[in-house]
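See structure below.
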Amino acid sequence: RAKAAGKSGFVIFDEAMHQEALSRLQLETDFRLAFERSEFRLHYQPIMELATGRLVGAEALVRWRHPLRGLLPPGDFLAVAEETGLIVEMDAWALREACRQLAAWRDAYPEFAGLSMNVNVDERQMVSAEIVEEVFSLLQRHRLPPASLRLEVTETAFRAGRGQAEQRLLSLKALGVGLVVDDFGTGYSSLESFAASPFDALKMDQLFIRDIETNPRHRAIVRTITGFAEDLGLALTAEGIETEGQLALLKSVGCQYGQGYLFARALPPDEFEQMLLAGSRIVG
Ligand code: C2E
Ligand code: MG
Ligand code: MG
Ligand code: MG
């Protein structure tokens, strides 16, 4: 067949598709093995209080130390994690590891007792039957104040018709853990759904921050979200702050918290710890 098709390009296309399917399959196989081989890691991105420059918390972001491909960001494997359903297991691991790490830092440095930990929770984990029990037992085991743990979920996890996730959120809220809407402003939820929502905080998507200096419409949206959060009594964090100009604008509209490459990327635990200790000396 290759001969018949000559150099028309169709064969090459088929071959590329074939290769892609193979490497996808390989990735899936590797992903299953990654649990046994303990190849997942958490990196921690500092969350800063913008007015003071103080480091107040961390967001745990999963990485996969692939034996051949090196350290992979979630963008390279979340799709596989979702399609195989293994994301529930991966998130359960991330939650356990983040709680263990938070407790370790709190125990080692009593002066950082106020440090909080944000963990991303996929909507599939949010509807799983075990999530509430799991969070409860982790808080107990590590003697963590419930409010020091903050679960980040995207808007899809609680939009209309997802009654089960809503029940879980209410139960988690009753435990006292923080609930954060991730990537706020890019989903499909109605403003009405926030009127009686159990959330305590919003994270503004980096989409609005990226060009906040040059795009007056995004600047207007950021100003509006800031007022919205303030009026509803929700804490507000801006994602993806990369420049001093973006920071200045966010401070000027009154956004309370932020994270981004301007402060730090997601860091391995030892580097996060160094930044925590360095900051404490500067700010007092
Ligand atoms: P997210 O929760 O919205 O996390 C923010 C992402 O933006 C992270 O990418 C972070 O490294 C990146 N980021 C932070 N500051 C900047 C910046 O200044 N500029 C730019 N361009 N990017 C910045 P990352 O680590 O690749 O994670 C991507 C997404 O993967 C996360 O988005 C989250 O939705 C998901 N994710 C990460 N860890 C987990 C996990 O443990 N479980 C689940 N279910 N999802 C996770
Ligand atoms: Mg997040
Ligand atoms: Mg986000
Ligand atoms: Mg995001």
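Consider region 169-224. How many of its residues are buried (at least 18 other Cβ atoms within 10 Å of the Cβ), in a loop (DSSP other than H, G, I, E, B) and not small (Gly, Ala, Ser)?
Matching residues across region 169-224 total 4.
How many residues does region 117-134 hold that are buried (at least 18 other Cβ atoms within 10 Å of the Cβ) and farther than 14 Å from residue 88 by Cα?
2
Is it true that some residue in region 201-212 is within 16 Å of residue 126 (Cα to Cα) and either within 13 Å of ligand 2 (Cβ to nearest atom) or of a type outside the set (Lys, Arg) (or both)? Walk me through it before giving the result.
If we filter region 201-212 for residues that are within 16 Å of residue 126 (Cα to Cα), which is where we start, we get none.
No, that holds for no residue.
Could you tell me which of the residues 166, 152, 134 is outside any loop (DSSP other than H, G, I, E, B), in contact with a helix residue (DSSP H, G or I) (Cβ under 8 Å, 6 or more places away or on another chain) and among the charged types (D, E, K, R)? First the steps, then the outcome.
Working: 166 fails: in contact with a helix residue (DSSP H, G or I) (Cβ under 8 Å, 6 or more places away or on another chain); 152 fails: in contact with a helix residue (DSSP H, G or I) (Cβ under 8 Å, 6 or more places away or on another chain).
Exactly one of 166, 152, 134 is outside any loop (DSSP other than H, G, I, E, B), in contact with a helix residue (DSSP H, G or I) (Cβ under 8 Å, 6 or more places away or on another chain) and among the charged types (D, E, K, R), namely 134.
Could you list, in sequence order, all residues of region 226-261 that are small (Gly, Ala, Ser), surrounded by 16 or more Cβ atoms within 10 Å (Cβ to Cβ) and in a helix (DSSP H, G or I)? Please lay out each step first, then the result.
Step one: filter region 226-261 for residues small (Gly, Ala, Ser), giving 227, 229, 233, 235, 238, 240, 245, 248, 252, 254, 258, 260.
Adding the requirement that they be surrounded by 16 or more Cβ atoms within 10 Å (Cβ to Cβ) leaves 229, 235, 238, 240, 258, 260.
229, the sole residue that qualifies.
If residue 207 satisfies all but one of (1) of a type outside the set (Ser, Thr, Tyr); (2) more than 15 Å from ligand 1 (Cβ to nearest atom); (3) out of contact with any strand residue (DSSP E or B) (no Cβ under 6 Å at 6 or more places or on another chain), what's the number of the condition it fails?
(2)
Restricting attention to region 59-116, which residues are surrounded by fewer than 14 Cβ atoms within 10 Å (Cβ to Cβ) and within 16 Å of ligand 2 (Cβ to nearest atom)?
73, 75
Restricting to region 143-168, count the residues that are open to solvent by less than 10 Å² (accessible area, probe 1.4 Å) and basic (Lys, Arg).
0
The values are calculated or read from the model by the stated rules, or taken from the named source; none is laboratory data. Note that this is a predicted model, so its numbers are computed, not measured. Positions of Cβ are generated from backbone atoms using ideal geometry, with glycine treated the same way; all protein chains shown enter the neighbour counts. All accessible areas refer to the heavy atoms of the entire protein, side chains included, with ligands and DNA or RNA removed. Shrake-Rupley method; radii C 1.70, N 1.55, O 1.52, S 1.80 Å.
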